[in-house]
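The values are calculated or read from the model by the stated rules, or taken from the named source; none is laboratory data. Worth saying up front: this structure is predicted, and the values here are computed from it rather than measured. Cβ sites come from the backbone with ideal geometry, for glycine too, and all protein chains shown count toward neighbours.
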Amino acid sequence: MFPLVRELAVDGIPVTVTCGVLKLCRQQYYRWLACPVTATELTEAYIANAIFDAHTDDPEFGYRFLADEVRQAGFDVCDRTVWRICSQMGWWSVFGKKKSKASKPGTAAHDDLVRRTFTAEGPNQVWLTDITEHWTGEGKLYLCAIKRPVVQPDRRILNR
């Protein structure tokens, strides 16, 4: 937010007003203005560069192996810091993190018109159907089952 305050100050809006509207502390803004990049941020940027170099060389490495590589490069860093940087930057092992498919809502369920009564007085009065989706190597395969009651000669209704 501090770069925004600086841009507005260049446009002539007082820093006091901008900090008041954005609910920022004016003293912190001036501290940031004197030194926009802290030593910690600079060190973390160097570590991130070392992690990126190690990750580019061996993309199958997880964060623990990357931390070992960064330590061998001369940085004193813990595994948790490497994990946090990798997580923020989206650097994952090619084997570690599976890509999740966003779940889509299914089709709307229709009303139960037969009210779970699967018998009929005559043929072709009640038909039941169900459709399922199966993934194959060539794409989706849809399977549809249709069931209809059959009237037997003695007029009993059976499900087939």
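Observations on the model:
- Output for the stretch 22-38, where each listed residue is assigned to a helix (DSSP H, G or I) and of a type in the set (Ser, Thr, Tyr): Tyr29, Tyr30
- Residue count, the stretch 14-44 (criterion: exposed (fewer than 15 other Cβ atoms within 10 Å of the Cβ) and within 28 Å of the chain's Cα centre (by Cα)): 1
- For the residues Glu60, Glu41, the requirement of being outside any helix (DSSP H, G or I) and at pLDDT below 90 singles out Glu60.
- Residue that is farthest from Thr43 (Cα to Cα), among those in the stretch 63-98 that are in contact (Cβ under 8 Å) with a residue 24 or more places away in the chain and assigned to a loop (DSSP other than H, G, I, E, B): Phe95
- Number of residues in the stretch 45-78 that are buried (at least 16 other Cβ atoms within 10 Å of the Cβ) and among the charged types (D, E, K, R) equals 1.
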